[in-house]
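The values are calculated or read from the model by the stated rules, or taken from the named source; none is laboratory data. Computed from a predicted structure; not experimentally measured. For neighbour counting, all protein chains shown are included, and Cβ atoms are generated from backbone atoms with ideal geometry for every residue, glycine included.
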Amino acid sequence: MTMKINRRRLLGALAGTTAAGVLSLNAVTAQEQASSQAQTVTAAPPNSNLAFETEILVCGGGPAGFAAAVNAARLGRKVLILERYGRLGGMGINARVWPLMGGVSSPFVKEVHAKIGGNNFDPERADLHYADFLEQAGAKILLHAWATEAIMDGNRIVGVKAISKEGTLTVRANLVIDATGDADVAFFAGVPCDMGREGDGLVQPMSIMFAIEGVGDNAQYSGSEQSARATKIGGNETWETVTTRAQKNGELPETVGVVRTYKMGRRGKACVNATQINGLFGTKVEDLTKAELECRRQAFQVVDFMRKYLPGYENIYVSHMPSVIGVRETRRIRGLEQLKREDLVTGRKWDNAIVRDARFSLDIHNPAGGGQAENQSHDQVQGTAGQVKPYEIPATCVIPQKVDGLLVAGRCISGTHEAHSSYRVQNICMAIGAGVGVLAATALNDQAAPANVDIKKVQKILFL
Ligand SMILES: Cc1cc2nc3c(=O)[nH]c(=O)nc-3n(C[C@H](O)[C@H](O)[C@H](O)COP(=O)(O)OP(=O)(O)OC[C@H]3O[C@@H](n4cnc5c(N)ncnc54)[C@H](O)[C@@H]3O)c2cc1C
């Protein structure tokens, strides 16, 4: 018997095909029912009217943005935080940058550590802890919303447009905090920004960090490049010698330098920091595409190398490859003040500090070639000469030039290429965010511009 089958019935029937290729009648019926209830979907107009109003808008849900939003909301302000990806936590979660690094005296950072498990946090769960903090403080979270435009009233930012699956959404705010890491919002608003080192404008390389499992119980971990120099493996060779030789043989990409492994919480698990690509910019879409593909390919070369040459790594496999590449350095805003290398190595103190006792060496991954240190004969290397004294970050480094109603938090604050290489680590960025959140809320509470806020009030809340 020939059965006449229309398109809807055919699609339903196909959807109901079982593994054995047999059509299930029930599935056809369910499919038909579902499609008869389906909504009509029309294309969203490019300027759909999805609109939100808030007092403080935070763009970027990384360590800096999340901290800023929590602290501002805790002080009673209405806060909305926009994040382009599906998870909070920034690089630490989405690019699997691990562990949290940098020392700082911040009650807020201490509180976060107590909740997420300290520097060696669990990256599978930390984003939900961050969400708990935000929700408990009363902040509204919007994930999958990518800020693309600043809404200006003269030289004042009054909101942001973002792109989402529903089309464009508009968020109007009394004060905007740019915690995008890349200073996207500040840049869109017309704040002057710098990128790269003085002279050639090159930035630190992008890298994919990934996790491996199957590391043997007796295997060694290199830790930083500096400790890789001292770690002996297989007789008298150092970890560094073995990796450098493989690099020269062409078994490792030229830019890899030393393969760094860090032991993660569980037995046999490690985080690998090795891949690297130079001369590309994390704010350019074609560069990002190239970096994603190249570094992921490098990752598997690194794994082959480790299996072959590193005792205890023979059976490793990649257990987590992050969904996005790690971007170390892009735009830095020009603020009312600029933090410099000298301020860090002398441990400069500021009356208007919003971060105290920050500690992390000047850590410049070579912008022009392999390895971690920019120039090993120069005093910028990670090591003794690159050490800083506990330093402070003033409020004037988070207040941009030229645009009102805007504050900046995290790695894109106002500082030089060298100073940035220290305060870019997550604990210090979180402390900057905590300070910016309090500064923002105090500015609104006192109806003052951030530059005119009584900073003693801010410090009293921040440092208790
Ligand atoms: C390979 C690599 C290894 C590193 N290793 C370590 C390490 O071991 N330990 C450590 O502490 N630090 C490490 N760092 C540095 C550290 O991860 C970052 O500098 C730090 O996360 C910066 O925090 P942030 O909040 O300023 O920015 P980010 O962590 O970058 O967060 C910014 C957030 O804003 C979102 N965003 C960006 N643009 C938009 C937009 N237009 N609209 C909406 N949302 C947006 C992003 O998705 C992200 O969630 C490493 C970095 C890299 C790249």
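Points worth noting:
- Residue in the stretch 255-267 that is farthest from G370 (Cα to Cα), counting only those that are among the basic types (K, R) and in a strand (DSSP E or B): K263
- Filtered residue count, the stretch 122-170, keeping only those that are among the charged types (D, E, K, R) and over 27 Å from A449 (Cβ atoms): 8
- Of the strands (runs of 3 or more DSSP E) that lie entirely inside the stretch 161-254, those containing 1 or more residues that are among the polar types (S, T, N, Q) span 167-178.
- Within the stretch 68-98, the set of residues being within 16 Å of L175 (Cα to Cα) and within 10 Å of the ligand (Cβ to nearest atom) comprises A68, I81, L82.
- In the stretch 132-155, the residues that are among the β-branched types (V, I, T) and within 9 Å of the ligand (Cβ to nearest atom): T148
- Restricting the stretch 329-352 to residues that are of a type outside the set (D, E, K, R) and surrounded by fewer than 23 Cβ atoms within 10 Å (Cβ to Cβ), the residue that is farthest from the ligand (Cβ to nearest atom): T346
- Only listed residue being surrounded by 15 or more Cβ atoms within 10 Å (Cβ to Cβ) and away from the ligand (no atom under 11 Å from the Cβ), chosen from A219, A179: A219
- Under the condition of being farther than 19 Å from R229 by Cα, within 15 Å of the ligand (Cβ to nearest atom) and touching a Phe, Trp or Tyr at 6+ places or on another chain (Cβ under 8 Å), the residues counted in the stretch 246-269 number 1.
- Conditions (1) at pLDDT below 95; (2) β-branched (V, I, T); (3) under 21 Å from N315 (Cβ atoms); number of the one not met by V258: (3)
- The helices (runs of 4 or more DSSP H) found wholly in the stretch 383-464 and carrying at least 3 residues that are farther than 30 Å from G199 by Cα occupy 426-445, 455-463.
- Subset of the stretch 283-328 [of a type in the set (A, V, I, L, M), surrounded by fewer than 15 Cβ atoms within 10 Å (Cβ to Cβ) and closer than 18 Å to L202 by Cα]: V285
- Pairs where the first residue, in the stretch 148-165, is among the charged types (D, E, K, R) and the second is surrounded by fewer than 13 Cβ atoms within 10 Å (Cβ to Cβ), C-beta under 9 Å, 6+ apart: K161/N47
- Only listed residue being in contact (Cβ under 8 Å) with a residue 40 or more places away in the chain, surrounded by fewer than 24 Cβ atoms within 10 Å (Cβ to Cβ) and touching a helix residue (DSSP H, G or I) at 6+ places or on another chain (Cβ under 7 Å), chosen from R96, R74, R84: R74
- Subset of the stretch 99-126 that is within 8 Å of the ligand (Cβ to nearest atom) and among the hydrophobic types (A, V, I, L, M, F, W, C) - its residue that is surrounded by the most Cβ atoms within 10 Å (Cβ to Cβ): L100
- V158 satisfies every condition listed in (1) more than 15 Å from the ligand (Cβ to nearest atom); (2) in a helix (DSSP H, G or I) except (2).
- In the stretch 250-268, residue farthest from W98 (Cα to Cα) [restricted to those that are touching a Ser or Thr at 6+ places or on another chain (Cβ under 9 Å) and of a type outside the set (A, V, I, L, M)]: P253
- When the stretch 291-328 is filtered for residues that are farther than 18 Å from A274 by Cβ and within 16 Å of the ligand (Cβ to nearest atom), only S323 remains.
- Candidate set from the stretch 384-415 (those that are among the hydroxyl-bearing types (S, T, Y) and in contact with a strand residue (DSSP E or B) (Cβ under 7 Å, 6 or more places away or on another chain)); member that is farthest from I81 (Cα to Cα): Y391
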